[in-house]
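K.L.:
This is the structure I want to talk about, given as structure tokens.
Just so it is clear, none of the values below were taken in a lab; they were calculated from the coordinates. Just so it is clear, the structure is predicted and the values come from calculations on it, not from any experiment. When we count neighbours, we look across all protein chains shown, and the Cβ atoms used for this are built from the backbone with ideal geometry, even at glycine.
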Amino acid sequence: MSERIILTDGRWFSEDAATVFKESTTWDGNNHISNATGSQWEHEWLYYTRSGLWVLSCYSQYQGTPDSHEEIDEDAAISWLARMDCHDDDGMQSLPTKIREMVAAGLAGLEM
């Protein structure tokens with residue numbers, strides 16, 4: 001049975017039917033720090049749903065902090081994927097070609 005992820009507006013999607021991209025992290029010598037949030041305690045994952053929506057999931061390791069799942073626009077999703085350096089993730093191959101090309105362009109724009 002797949003897990004339903006419920007967005008803050010009440011819509012939902014099946015986690016099993018979506019492509020997930022996990023944040024990248026950097027080891028600071030003591031902890032893995034999220035490159036998405038800059039925190040060792042706050043985290044983000046990005047989902048691409050079967051219906052073509054982008055959902056940013058935010059969760060915390062702080063006790064009592066609720067998870068949130070918000071739809072974001074394509075530009076924000078592509079920027080997130082480029083910042084997390086997701087261009088080599090297995091999930092990228094399941095995305096439409098147009099999206100993969102936009103992520104590659106976004107990544108090239110971040111290079112120095």
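K.L.:
With springs only between Cα atoms under 10 Å, which of Leu95, Leu56, Leu46 fluctuates most in a Gaussian network model of the chain?
P.N.:
For the chain, modelled as a Gaussian network with Cα springs under 10 Å, the answer is Leu95.
K.L.:
Step through the residues of region 55-64 one at a time and calculate ³J(HN,Hα) from phi using the Karplus curve (6.51 cos²θ - 1.76 cosθ + 1.60, θ = phi - 60°), rounding each to whole Hz and writing x for Gly and Pro.
P.N.:
10, 8, 9, 10, 9, 10, 8, 6, 4, x
K.L.:
Taking Cα centroids, how far is region 13-29 from region 34-82 in Å?
P.N.:
8
K.L.:
Let me ask something additional. Does the chain come out rounded, prolate or oblate by the C-alpha gyration tensor, with a ≥ b ≥ c the root eigenvalues, rounded set by a/c under 1.5 and, if not, prolate when a/b is larger than b/c and oblate if not?
P.N.:
oblate
K.L.:
Here is a further query. What length, rounded to one decimal in nm, is gained on full extension from Thr19 through to Ile6, with 0.36 nm per residue of separation minus their alpha-carbon distance?
P.N.:
3.1 nm
K.L.:
PRE reach from Cys58 (point 7 Å along Cα→Cβ): which of region 1-44 fall under 14 Å by backbone N?
P.N.:
Once the point is set 7 Å along Cα→Cβ of Cys58, 8-9, 36-39, 41-44 turn out to lie under 14 Å by backbone N, inside region 1-44.
K.L.:
What GluC sites (Glu not before Pro) in region 1-88 are in a loop by DSSP, with at most 14 other Cβ atoms within 10 Å of the Cβ?
P.N.:
Here the sparse-neighbourhood loop sites are Glu3.
K.L.:
Determine ³J(HN,Hα), in whole Hz, for all residues of region 26-32 in sequence, where each value follows from phi through the Karplus function 6.51 cos²θ - 1.76 cosθ + 1.60 and θ = phi - 60°; x replaces Gly and Pro.
P.N.:
10, 7, 9, x, 10, 9, 7
K.L.:
Please arrange Tyr59, Tyr48 by how many other C-beta atoms lie within 10 Å of their C-beta, fewest to most.
P.N.:
Tyr59, Tyr48
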